[in-house]
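Novice: Quick one: structure below, then a few questions.
What follows draws every value from the coordinates through simple rules; no lab data is involved. No experiment lies behind these values; they were computed from the predicted model shown. Note: ideal-geometry Cβ built from the backbone for every residue, glycine included; neighbour counts use all protein chains shown.
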Amino acid sequence: MLLKLSNVQKRFGGVTALRDGNLSVAAGEVHLLLGENGAGKSTLMKIVAGIVSRDSGSMLWNDQEVFLNSPSEAADLGIAMVNQESLLAPHLTVAENIFLGREEKRPFGWVNRRAVVEEARKIIEQYGFPLKPDAIVGSLSPAGRQLVEICRAIRHGSSLLIFDEPTSSLSDTETQQVFRIVRDLKARGMGIIYITHRMDELRQIGDSFTVLRDGAFVHTGKLAEIATDQLIRHMVGREVDHIYEREHLTPGETLLEVRDVCVTETRLRNVSLTLRRGEITGMAGLIGAGRTELCRAIFGVDQIASGEIKVAGQAARIRSPRDAVKVGIALVTEDRQVSGLALGLPIAANMTLANVERISTFGFLDLKAQNTLCTELGKKMSLKAASVAQGAGTLSGGNQQKVVIAKWLFRQAQIFLFDEPTRGIDIGAKTEVFELMSELARQGAAILMVSSELTELQHVADRILVMRQGRISGELPRVNGQSPTQEQIMKLAVMEVAA
């Protein structure tokens, strides 16, 4: 056995993240680690990777007890982790990040930059990734940064590789590339721990599985010997319909109108759309199609070169996010840790960040009102936290996403731009997010939902817009209650747009 964890426990302050972590992984095996957000998966893997230390329990590496105090100690053993949220140096190039800390050096300690770039190029070309060695990592999309993380882990030569939601921000093509890498590494005898919430990925990639729930071991076994419905029951402790269905309402008045919007820096060209009260409008497209860039332009992050935005029929001059917030627009970003949250602040501070005036009197913050309102909002969101005084950075990915959404609920926004709202969220939490979006629509909000999960768009959206190369290539409505097919969506995602 390559790795064996027994009765591992970990607390962060007053919060128990792990109370009974158990896992065994063999060489040449892809072992799935499953469970809802907050189940303890990432904490357990951070212990294995040396990012945090365990409080108790045992960890055997090749039958020898080990206690890791740093990622470098784990790397020396042959353990590497591809994190869900990028831990790269954004100001360095792709090549520099791949080799960071392990560069080839010339005499007197000088780094051989030419060798670094060439070796990085070989790795990138070997796996067919759409990356350039000299590109600055900070300029890459979340999908691009994820690919750099994978290249970095492969380059360092490991016996055990941990993938924490590696495909959460990748296109179908990029996802298949990741699967190809995993299969190749498995064939070379490497042990793989793979964390995912995408149920359609499990049987494409996994050999065995372990389920955690509420910080404790629940079940383990061979994937071929268990049905998907049983896996879901182990994960959430209850029956869950993993395909969400919602009531599709008759839309009301137009709340947001985007007309012929162009953004020079991001190649958005003549984009027009409308969002109506009570309607969830889906947006599909391949990575790099311009979906996130459109959300950023509407929200005032990127400056519009030409075109017009109207809110409730009135022209809106949106030059900054502050302007967008004032007219009732909310953006739930794709990368919650970078642009959605202030990780160093408490949950309550994050929830009220966009509407401090609501809990202020004569410029003074009413902390009692803040605590009361945020505690109530947290309950409605099914937030898993000791209290709203807990740091946002200590929450699991799914609970962080709930705090981001709660921030805009507290602001009482009417136009919501959800950019990949279920990225890195488990099945149970996805259902909660979809129900929240449906409730917002029932209350008269207008919603744009960007998603790479076509099945989600088919079941949640009232109509689907498709983007390609910075333009909207088509619109697909529901016909007689039936959603557009994935073939129809993908045809618009790859076809040429008329000039």
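Novice: With loop defined by DSSP as not H, G, I, E or B, and exposure as at most 15 other Cβ atoms within 10 Å, which is the longest segment of the chain clear of exposed chymotrypsin sites (Phe, Trp or Tyr not before Pro)?
Specialist: Numbers: sites that count: PHE67, TRP110, PHE362.
Here the longest run is 111-361.
Novice: Among the DSSP beta bridges whose two residues both lie in the chain, what percent are antiparallel, rounded to the nearest 5?
Specialist: Within the chain, antiparallel bridges account for around 55 percent of the total.
Novice: A follow-up question, please. Quick query: amide H of ALA284 versus all other amide H atoms, modeled in the peptide plane; which residues come in under 5 Å with a sequence gap of 5 or more or a different chain?
Specialist: So ALA284 has HN proximity to LEU465, VAL466, MET467.
Novice: Which value, in debye to the nearest 20, describes the size of the charge dipole of the chain about its Cα centre when Lys and Arg Cβ atoms bear +1, Asp and Glu Cβ atoms bear -1, and nothing else is charged?
Specialist: Dipole size: approximately 800 debye.
Novice: Using Cα positions and a limit of under 27 Å, work out the lysines in reach of LYS380, with same-chain residues fewer than 8 apart set aside.
Specialist: Cα-Cα hits under 27 Å: LYS41, LYS326, LYS368, LYS402, LYS407, LYS430.
Novice: DSSP beta bridges in the stretch 3-236, what fraction antiparallel, as a percent rounded to 5?
Specialist: Antiparallel: roughly 55 percent of the beta bridges in the stretch 3-236.
Novice: Okay, moving on. Run lengths n ≥ 4 of DSSP H only: what is the helix-derived mean residue ellipticity at 222 nm for the chain, with -39500 (n - 2.57) per run over all residues, to the nearest 500?
Specialist: -9500 deg cm²/dmol
Novice: Check which residues have an amide H placed less than 5 Å from GLY221's amide H, if you skip close sequence neighbours.
Specialist: Hits under the 5 Å cutoff: PHE209.
Novice: Here's something else I'd like to know. Going toward the positive end of the dipole of the stretch 254-494, with +1 on Lys and Arg Cβ and -1 on Asp and Glu Cβ, which of THR361, LEU341, LEU255 do you reach last?
Specialist: Toward the positive end, the furthest listed residue is THR361.
Novice: Sort ILE298, ILE150 so the one with the fewest other Cβ atoms within 10 Å of its own Cβ comes first.
Specialist: Ranked by crowding around the Cβ, least crowded first: ILE150, ILE298.
Novice: If you work out mean projected area of the Cα convex hull in nm² from the coordinates, which of [x] 33.6; [y] 28.2; [z] 25.4 do you get?
Specialist: Identified label for the calculated read-out: [z].
Novice: Starting from the 7 Å offset along Cα-to-Cβ, what nm value, one decimal, do you get for the label separation of ALA386 and SER58?
Specialist: Each label point is offset 7 Å from its Cα along the Cβ direction, giving 3.0 nm.
Novice: Arranged by the count of other C-beta atoms within 10 angstrom, fewest first, what order do THR43, THR431, THR352, THR361 take? Can you show the working numbers first?
Specialist: Values: THR43 23, THR431 18, THR352 26, THR361 9.
Going from sparsest to densest Cβ surroundings: THR361, THR431, THR43, THR352.
Novice: Still on this model: May I ask you to compute the full-extension gain from ASP76 to PHE12, defined as 0.36 nm times their residue separation minus their alpha-carbon distance, rounded to one decimal in nm?
Specialist: The span from ASP76 to PHE12 would gain 20.4 nm if fully extended.
Novice: Read phi for every residue in the stretch 374-385 and hand back ³J(HN,Hα) as whole Hz from Karplus 6.51 cos²θ - 1.76 cosθ + 1.60, θ = phi - 60°, with x for Gly and Pro.
Specialist: Coupling constants for the stretch 374-385: 6, 4, 5, 5, x, 5, 5, 8, 6, 6, 9, 7 Hz.
Novice: Shifting gears a bit: Collect residues whose amide H, placed 1.01 Å from N in the peptide plane, falls under 5 Å from the amide H of PHE163; neighbours closer than 5 in sequence don't count.
Specialist: So PHE163 has HN proximity to VAL82, ILE193, TYR194, ILE195.
Novice: Same structure, new question: Based on alpha-carbon centroids, what's the gap between the stretch 329-377 and the stretch 395-467 in Å, whole number please?
Specialist: If we compute the Cα centre of each part, the gap is 19 Å.
Novice: Placing unit charges on C-beta atoms (Lys and Arg positive, Asp and Glu negative, everything else neutral), compute the dipole magnitude of the stretch 3-236 about its Cα centre in debye, rounded to 20. Don't skip to the answer; put the middle values down first.
Specialist: Values: 27 positive and 28 negative charges, 64 e Å.
Dipole about the Cα centre, nearest 20: 300 debye.
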